[in-house]
1. Residues of segment 92-117 being buried (at least 16 other Cβ atoms within 10 Å of the Cβ), assigned to a loop (DSSP other than H, G, I, E, B) and not polar (S, T, N, Q), which ones?
2. What pairs come up if the first residue lies in segment 69-83 and is under 11 Å from Tyr115 (Cβ atoms), the second is surrounded by fewer than 10 Cβ atoms within 10 Å (Cβ to Cβ), and their beta carbons are under 8 Å apart, counting only those six or more places apart or on different chains?
3. Of all residues in segment 6-25, how many are modelled with pLDDT under 90 and assigned to a loop (DSSP other than H, G, I, E, B)?
4. Scanning segment 69-91 for residues that are within 23 Å of Ala191 (Cα to Cα) and at pLDDT 90 or above, which turns out surrounded by the fewest Cβ atoms within 10 Å (Cβ to Cβ)?
5. In segment 1-13, how many residues are open to solvent by less than 100 Å² (accessible area, probe 1.4 Å) and within 21 Å of Leu63 (Cα to Cα)?
6. Within segment 128-147, which residues are in contact with a helix residue (DSSP H, G or I) (Cβ under 9 Å, 6 or more places away or on another chain), free of Cβ contacts under 8 Å to residues at least 40 places away in the same chain and aliphatic (A, V, I, L, M)?
7. Go through (1) open to solvent by 80 Å² or more (accessible area, probe 1.4 Å); (2) part of a loop (DSSP other than H, G, I, E, B) one by one and return the number of the condition Cys28 breaks.
8. Mind checking which residues of segment 191-206 are farther than 15 Å from Leu98 by Cβ and in a helix (DSSP H, G or I)?
Amino acid sequence: VIDDPISSLDTSARTYAYSLMMRMTKNCAQLIVLTHNAGFMNMVKRQFQNLQKKSTDPISSLLVLDCKSSALPPIERKTSLVQMSDLLTKYDTEYHYLFKIVRAAAKDGSTEYHYLLPNATRKLLEMFGAFCSPGKTQFAEALMDHQAAIKDTDVRALERLIQIESHGTMDGLAGLPELTIEEAIKAAVAAMAFIKAIAKGHHDQMCRVCA
């Protein structure tokens, strides 16, 4: 069992740690790797998937700790070990997975991912911002480029999200929200409106892929 062996390592050291780990465990009967780092997870995921292709029997599993909260007060968190979403196993970025979570919250006006939603929305917008405003270094700058395309209420919700979540990190999926649940839902609605307004074809295709 190897628990997050790349904590605080830069990219080159992370790659070396991965190679060292695989060499040292190649004769193990069973290997369990735990990580919250998406980049490292992709390295391990590809190795497990390649090994699985060589076998007709199931020899590997990709699992995730899924943290959800009750919809009604009192809000209680519950974490379960479940099969990893196809949107994480199939793609090397978190974009599709984040899109599905944010879109579901915007569509339903509620979410079980109270603690994940603000950070998920921020990360989704940062990735989309790199697409819609490639010359900008932050989503806040991309929003300024395109804010005329969406309603003022949506602009305010996104500005609030940026203000609160600007301290977040890119490594982990989950982060404790500073936004209220209502603010987080408003930000999710605004994020979907922003993506649709700027790139409707992309938005519609993502909806189909992430259905």
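The values are calculated or read from the model by the stated rules, or taken from the named source; none is laboratory data. Not measured: the values here are computed from a predicted model. All Cβ positions, even for glycine, are placed from backbone atoms using ideal geometry, and neighbour counts span all protein chains on display. Ligands, DNA and RNA are stripped out before the accessible areas are found, and what is left, the full protein with its side chains, is counted by its heavy atoms. Shrake-Rupley method; radii C 1.70, N 1.55, O 1.52, S 1.80 Å.
1. Within segment 92-117, Glu94, Glu112, Tyr113, His114, Tyr115, Leu116 qualify.
2. Sorted first by the residue in segment 69-83, then by its partner, the pairs are Ser69/Glu76.
3. 5
4. Selected residue: Asp86.
5. 5
6. Matches in segment 128-147: Ala130, Ala140, Ala142.
7. (1)
8. Answer for segment 191-206, where residues must be farther than 15 Å from Leu98 by Cβ and in a helix (DSSP H, G or I): Ala193, Lys196, Ala197, Ile198, Lys200, Gly201, Asp204, Gln205.
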